[in-house]
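Participant: Sharing a structure below in structure tokens format, with a few things to ask.
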Amino acid sequence: TLSPPQAGQNAAFLDSRSAAVWLAGQPQANALAMLPEFLAQIRAFNSARVAPDERFKTLTVLRNALFAVSGECQRRYENKPLPLLSTERSVQGSVCALWRACAISYMHCLRACLEGDATIAPHSAKVAHRALCCLRMEQMSCYLGGVAPDGEFWRNLHAVLVSAETLGVARDFVEDRLLGETKESTASGQYAMALLLELARPFALSRAQFAAITRWLARWREQAKILVEPDTGPKSLCVPLDLSLDLPFLDNVRTARLARWLSVGPVLRKISQRIESL
């Protein structure tokens with residue numbers, strides 16, 4: 001459910017070339033000063049009518065700067081006592097909003113893939129992967145600021161996975177070094193990691209424990225599988241999902257309309273082995 005693009009939006013850039021020019025004129029050494037303008041321009045860009053392949057190229061031009069600005073601003077609120085001070089909370093909210101806006105921009109590209117646009121279709125796997133990476137960055141920003149991801153976050157996360165499954169690219173590996181986790185990963189792995197982090201009860205962990213579990217899950221996330229039918233094997237462990245909900249997991253009250261299962265057995269066995277070795 002994306003807002004339709006419109007003509008005549010006051011975006012500072014509408015293609016990759018103008019985005020590079022705009023970026024060169026920004027105070028990139030001052031992330032806090034750049035953050036609100038970056039957010040405003042990504043939102044304006046999302047509202048503008050741009051060809052899907054050009055939208056994807058533009059986001060590629062901006063991506064290094066997005067990670068740099070987010071990472072620098074994150075230092076203003078991570079490892080701070082909770083609840084955050086109002087200034088820290090404002091920065092944290094803006095970083096989350098920036099990643100949400102970027103995810104929506106990639107979702108515009110993803111919708112074009114689903115509609116069969118020949119200019120963007122060859123990049124379907126990367127588009128879905130990038131959208132999920134943006135959502136994961138939003139999720140991390142939430143956790144570090146002591147905030148739970150909202151319903152729209154989970155709705156977007158589920159929608160991107162369904163789109164990747166529909167396009168047949170959910171298990172395609174995509175290279176991505178900016179996340180700083182592994183050399184490559186799949187859309188399914190990124191989706192599974194978002195759910196695994198939620199299952200880890202991040203607000204009950206110390207900062208050191210959360211950092212450790214994040215590293216472990218990044219290493220083993222591809223062993224978690226998203227199944228259309230539950231695995232009934234003796235050593236299996238599946239968590240029920242409903243991809244039509246704005247919740248991470250299916251509760252015991254509802255009947256799933258778009259059922260999936262998250263198979264976590266292999267990941268838990270890896271974690272148990274690591275704990276034993278420690």
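Just so you know, all these numbers are worked out from the coordinates, no wet-lab data involved. Quick caveat, the model's predicted, so the values are computed rather than measured. Heads up, the Cβs are rebuilt from the backbone with ideal geometry, glycines too, and the neighbour counts pull from every protein chain shown.
Participant: About the Cα centre of segment 78-142, how large is the charge dipole given +1 on each Lys and Arg Cβ and -1 on each Asp and Glu Cβ? Please answer in debye to the nearest 20.
Facilitator: Dipole of segment 78-142, to the nearest 20 debye: 80 debye.
Participant: How big is D, in µm² s⁻¹, for segment 161-278 by Stokes-Einstein at 37 °C and 0.692 mPa s if Rh is the Kirkwood radius over C-alpha pairs?
Facilitator: Answer from the Stokes-Einstein relation: 215 µm²/s.
Participant: What are the residues whose amide H is under 5 Å from the amide H of residue 48, where those residues sit 5 or more places off or on another chain and H is modelled from the backbone?
Facilitator: Residues meeting the amide H criterion: 6.
Participant: Can you pull the one-decimal nm distance between simple spin-label points at residue 60 and residue 259, each 7 Å off the Cα toward Cβ?
Facilitator: 4.1 nm
Participant: Given only helices, namely DSSP H runs of n ≥ 4 each adding -39500 (n - 2.57), what is the per-residue ellipticity at 222 nm of the chain, to the nearest 500 deg cm²/dmol?
Facilitator: Helices in the chain give a 222 nm mean residue ellipticity of -19000 deg cm²/dmol.
Participant: Using the Kirkwood radius over C-alpha pairs as Rh, can you work out the diffusion coefficient of the chain via Stokes-Einstein at 4 °C, viscosity 1.567 mPa s, in µm² per second?
Facilitator: For these conditions, the coefficient is 66 µm²/s.
Participant: Round to the nearest 0.05 the FRET efficiency obtained for residue 150 and residue 208 when R0 = 30 Å and r is the Cβ-Cβ distance.
Facilitator: Efficiency computed from Cβ-Cβ geometry: 0.65.
Participant: From zero up to wherever the largest Cα-Cα distance of segment 19-128 sits, split into 5 Å bins and tell me the percent of pairs in each.
Facilitator: P(r) over segment 19-128, rounded to whole percents: 2, 12, 22, 20, 17, 12, 8, 5, 2, 0.
Participant: Between residue 166 and residue 26, what is the FRET efficiency for a Förster distance of 45 Å, r being their Cβ-Cβ separation, to the nearest 0.05?
Facilitator: Using R0 = 45 Å, I get an efficiency of 0.75.
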